[in-house]
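The values are calculated or read from the model by the stated rules, or taken from the named source; none is laboratory data. Just so we're clear, the structure is a prediction, and the values are computed from it rather than from any experiment. Neighbour counts are summed over all protein chains in view; Cβ atoms, including those assigned to glycine, are modelled from backbone coordinates with ideal geometry. SASA here: full protein model, heavy atoms, side chains in, ligands and nucleic acids out. Shrake-Rupley method; radii C 1.70, N 1.55, O 1.52, S 1.80 Å.
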Amino acid sequence: GERGARVMRGWLKFAFIALLALLATPQCRADEHEMPDFKTMKIKELKAILADRGRECRGCAEKADYVAMAADVWSLPIVEKPASGDETKEKPAEPDLNDADQERIRRMMDEMQNGPRPTGDPERDAILRKLHSSGIKFSGGEGMPLDQLRNLEKAMGNIKTNKRDGGDDEL
């Protein structure tokens, strides 16, 4: 009897308070979870959406590209960024040059500055010296086929160089 009525009133009070709490809680609006209108956003904002999700729009040339990609990644979770100070910029790797590579580079630079080294082939040496003296400086001529060197000499012989005010050669 009476005990059952008291329990029932207790449950009703509890249900009433719970109902009030639910009604008092702000409701999530449906549009908060809907996709924004990316077309109205600035490219900077679209890039931020992509960056927040760890993405980058490589090859994007127009705003429409950013709009499309932002729509594609919108549902992805936002990626946490490392705390300030945790970021370490990677230095470019130093080239791993052995002694032979370093010697080859030194020899190439020397040839470009001081002229070609004798190869033992008088015709090749004459062509390389002529090209170098006319301002055509390159390395590796000793390995070029002789007919290519002759063609280069012939082609470059048809191009006149002019000095202007003591400046560099002009083709």
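Report SER139's accessible area, 1.4 Å probe, all protein chains in place, as a number in Å² to the nearest 10.
We get 40 Å² for SER139.
For region 102-141, restrict the atom set to alpha-carbon positions and state the Rg and Dmax in Å.
In order Rg, Dmax, the Cα atoms of region 102-141 give 9.8, 29 Å.
So how far apart, in nm, are the two label points at ARG150 and LYS130 if each is 7 Å from Cα heading toward Cβ?
Output for this residue pair reads 1.1 nm.
Taking 7 Å along the Cα-to-C-beta vector as the label spot, tell me the GLU56-ARG6 distance in nanometres, rounded to one decimal.
About 7.2 nm, to one decimal.
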